[in-house]
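Enquirer: Got a structure for you, written out below as structure tokens; questions coming shortly.
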Amino acid sequence: MLELDNGFAGEWWNTDVEQVIADALARGGGYNTSDALTINGQPGFLYNSSAADAYRINITSGGMYLLRLVNSCMNFALYVGVANHSLTVVQLDSAYAVPFDVDFVLIAPGQTLDVLLHANHSHGRYYLASSVFSIPNTTVVC
């Protein structure tokens, strides 16, 4: 098993994050999502401006890899997974867990997870992806 770099899932804001929170508090509602999600500080292949700098690691088909995931987002929980691969969760916030297999994980802000990636597909690109978990905005009538 090979241990890979830590995978920091984060956000990219084109505005001042303090202002984002201040605006949400002023109007009494939710706040906008970030302009992009990042892995180790890079928005990745979905954003033309950063495709050349996207986070890349070399994976050998048939290998098993330990990924240490950290959600460094301001307020959003994230779904994180590797396209067409299962992950085995082995540690949650520095506490060992009875291993269990998942297609993706939900990781809260500040939370850490250790997962095993089984590279059981042929050579090619293994995309690590994340998506925001958010409750749809609702209007409350008093």
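The values are calculated or read from the model by the stated rules, or taken from the named source; none is laboratory data. What you see is a predicted model, and the numbers here were worked out from it, not measured in a lab. Quick reminder, even Gly has a Cβ in these numbers, built from the backbone with ideal geometry, and neighbours come from all protein chains shown.
Enquirer: Go through the stretch 104-129 and give me each residue that's touching a Gly at 6+ places or on another chain (Cβ under 6 Å) and either of a type in the set (Asp, Glu) or not in a strand (DSSP E or B) (or both).
Expert: Ala119
Enquirer: While we're on this one: Just to be sure I understand, how many residues within the stretch 94-103 are over 15 Å from the mean Cα position of the chain (by Cα) and either assigned to a loop (DSSP other than H, G, I, E, B) or more than 15 Å from Gly81 (Cβ to Cβ) (or both)?
Expert: Residues flagged as over 15 Å from the mean Cα position of the chain (by Cα) and either assigned to a loop (DSSP other than H, G, I, E, B) or more than 15 Å from Gly81 (Cβ to Cβ) (or both) within the stretch 94-103 amount to 6.
Enquirer: On to the next question. Which of the residues spanning the stretch 12-35 are surrounded by 14 or more Cβ atoms within 10 Å (Cβ to Cβ) and in contact with a helix residue (DSSP H, G or I) (Cβ under 8 Å, 6 or more places away or on another chain)?
Expert: Of everything in the stretch 12-35, those that are surrounded by 14 or more Cβ atoms within 10 Å (Cβ to Cβ) and in contact with a helix residue (DSSP H, G or I) (Cβ under 8 Å, 6 or more places away or on another chain) turn out to be Trp13, Tyr31.
Enquirer: Within the stretch 62-72, take every residue that is part of a loop (DSSP other than H, G, I, E, B) and in contact with a strand residue (DSSP E or B) (Cβ under 8 Å, 6 or more places away or on another chain) and give me the one that is nearest to Ala36 (Cα to Cα). Steps first, answer last, please.
Expert: Of the residues in the stretch 62-72, the ones part of a loop (DSSP other than H, G, I, E, B) are 62-63, 72.
Within this subset, residues satisfying the condition of being in contact with a strand residue (DSSP E or B) (Cβ under 8 Å, 6 or more places away or on another chain) are 63, 72.
Details: Gly63: 30, Ser72: 13 Å.
Looking at the filtered set, the residue picked out is Ser72.
Enquirer: Given the conditions (1) farther than 30 Å from Gly28 by Cβ; (2) touching a strand residue (DSSP E or B) at 6+ places or on another chain (Cβ under 7 Å); (3) modelled with pLDDT of 85 or more; (4) among the small types (Gly, Ala, Ser), which single one is not true for Ala95?
Expert: (2)
Enquirer: Go through (1) more than 23 Å from Ala36 (Cβ to Cβ); (2) surrounded by 16 or more Cβ atoms within 10 Å (Cβ to Cβ) one by one and return the number of the condition Leu128 breaks.
Expert: (1)
Enquirer: Let me ask something else about it. Keeping to the stretch 73-85, report how many residues are outside any strand (DSSP E or B), under 15 Å from the mean Cα position of the chain (by Cα) and surrounded by fewer than 16 Cβ atoms within 10 Å (Cβ to Cβ).
Expert: Total meeting the criteria: 2.
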